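Let me begin by presenting the structure, written as structure tokens, before commenting on it.
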Amino acid sequence: MTIKHLLKLCFLIFIFSCNNDKTLTKIEGKRIEINEDIASDSVIEAYIKPYRENVNKNLDSVISYAPETYSKSDGELNTAIGNLMADAVFEESNTIFQKRTGKTIDFVLLNHGGIRSIISKGNLTSRTAYEVMPFENSVVVVALKGEQVMEMMEYLSRAKRPHPVSKQLQLTLEKDFEFKSATVNGKPIDENAIYHVATNDYLYSGGDRMVFFHPNDSLYVLDYKIRNVLIDYFKKYDTINPQKDNRFIKLSN
């Protein structure tokens with residue numbers, strides 16, 4: 001008898017038993033709250049202690065330094081922390097993408113809401129990367145037609161939020177946030193060209209209503225988590241130096 005047949009037989013026996021047991025009227029459950037009042041088990045604590053200490057040691061080892069504190073609320077359309085994240089994704093992912101495909105990433109788009117913590121002035125550790133990006137989001141590269149990139153530019157103009165983009169993209173807005181123009185690597189967007197845009201899998205799936213990633217010519221999954229991008233980026237630089245710059249320009253008149 002296979003496991004499938006055995007499970008089916010057990011289910012039938014259960015149903016038959018319930019139908020013949022007149023005393024079974026309801027099933028009740030009890031909610032057990034997990035809080036600080038629950039006493040720890042010394043045996044379990046002793047067992048996991050060396051693992052916890054090893055994890056904490058790895059997470060708290062210094063890998064870089066931040067000369068200032070950086071927050072996602074420190075700019076209207078540009079933030080230093082957002083620029084750092086987008087540029088890190090470009091720098092770390094482009095090498096992998098080039099080796100696998102022979103192609104180059106044109107620019108990066110991430111989401112403002114994905115930045116979950118500040119980067120505090122002082123030593124940077126792997127734990128810093130986990131705090132900034134606690135999600136399991138990974139890098140994907142999408143091949144988009146220029147007309148879809150233009151839809152993206154319209155979205156970024158209307159969003160009125162500093163969604164992180166890498167320095168290869170420059171977007172100019174009117175004073176009322178209407179889209180005016182955009183360039184990629186200093187050139188106007190060609191609606192007939194194909195652009196390779198790096199983003200995260202959450203946005204690719206339509207997160208934050210970014211529906212312009214579909215349809216597309218190709219999808220490349222790099223299997224590279226954003227927080228691992230940050231860790232690798234931090235390790236390359238003794239001191240980070242993110243800046244607010246002109247990748248978003250809003251005209252004043």
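The values are calculated or read from the model by the stated rules, or taken from the named source; none is laboratory data. Keep in mind that what you see is a predicted model, and the values were worked out from it rather than measured. For neighbour counting, all protein chains shown are included, and Cβ atoms are generated from backbone atoms with ideal geometry for every residue, glycine included.
On the stretch given as the stretch 129-163, residues that are touching a Gly at 6+ places or on another chain (Cβ under 8 Å), over 19 Å from I189 (Cβ atoms) and modelled with pLDDT of 95 or more total 3.
Screening S157 with (1) polar (S, T, N, Q); (2) touching a Ser or Thr at 6+ places or on another chain (Cβ under 8 Å); (3) crowded, with 21+ Cβ neighbours inside 10 Å gives one miss only, at (2). With respect to S218, determine if the residue is crowded, with 16+ Cβ neighbours inside 10 Å, among the small types (G, A, S) and at pLDDT 95 or above. Criteria not met by S218. Taking the conditions (1) free of Cβ contacts under 8 Å to residues at least 12 places away in the same chain; (2) in contact with a Lys or Arg (Cβ under 7 Å, 6 or more places away or on another chain) in turn, N253 satisfies each one other than (1). If the condition is being touching a Ser or Thr at 6+ places or on another chain (Cβ under 9 Å) and touching a residue at least 60 places away in the same chain (Cβ under 8 Å), then the stretch 139-154 contributes V139, V140, V141, V142, A143. Considering the stretch 185-202, the residues that are touching a strand residue (DSSP E or B) at 6+ places or on another chain (Cβ under 6 Å) and part of a strand (DSSP E or B) include one that is farthest from A88 (Cα to Cα), namely I194. Scanning the stretch 206-225 for residues that are small (G, A, S) and in contact with a His (Cβ under 9 Å, 6 or more places away or on another chain) turns up G206, S218.
For the criterion of being more than 17 Å from S138 (Cβ to Cβ) and outside any loop (DSSP other than H, G, I, E, B), F177 fails.
Of all the residues in the stretch 162-180, those that are surrounded by fewer than 16 Cβ atoms within 10 Å (Cβ to Cβ) and either in contact (Cβ under 8 Å) with a residue 12 or more places away in the chain or closer than 17 Å to N78 by Cβ (or both) number 5.
Within this structure, A182 passes the test of being farther than 29 Å from Y130 by Cβ and of a type in the set (A, V, I, L, M).
Hey, could you check the stretch 106-123 for residues that are of a type outside the set (V, I, T) and buried (at least 22 other Cβ atoms within 10 Å of the Cβ) and say which is farthest from D232 (Cα to Cα)? For the stretch 106-123, the residue satisfying everything is D106. Regarding the stretch 145-155, can at least one residue be identified that is assigned to a helix (DSSP H, G or I) and within 13 Å of the chain's Cα centre (by Cα)? Within the stretch 145-155, not a single residue is assigned to a helix (DSSP H, G or I) and within 13 Å of the chain's Cα centre (by Cα).
Residue-wise test of (1) modelled with pLDDT of 95 or more; (2) surrounded by 14 or more Cβ atoms within 10 Å (Cβ to Cβ); (3) among the aliphatic types (A, V, I, L, M); (4) in a loop (DSSP other than H, G, I, E, B).
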residue: N54; (1), (2), (3), (4): no, no, no, no
residue: K57; (1), (2), (3), (4): no, no, no, no
residue: Y65; (1), (2), (3), (4): yes, yes, no, no
residue: K72; (1), (2), (3), (4): yes, yes, no, yes
residue: N78; (1), (2), (3), (4): no, yes, no, yes
residue: M85; (1), (2), (3), (4): yes, yes, yes, no
residue: A88; (1), (2), (3), (4): yes, yes, yes, no
residue: E91; (1), (2), (3), (4): yes, yes, no, no
residue: T104; (1), (2), (3), (4): yes, no, no, yes
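Does T199 meet the test of being among the polar types (S, T, N, Q), under 23 Å from L77 (Cβ atoms) and under 22 Å from the mean Cα position of the chain (by Cα)? Yes, satisfied.
Kindly indicate whether I249 is within 30 Å of S120 (Cβ to Cβ) and in a strand (DSSP E or B). The answer is yes for I249. The single residue among E136, E191 that is farther than 30 Å from T69 by Cα, touching a residue at least 12 places away in the same chain (Cβ under 8 Å) and surrounded by fewer than 16 Cβ atoms within 10 Å (Cβ to Cβ) turns out to be E191.
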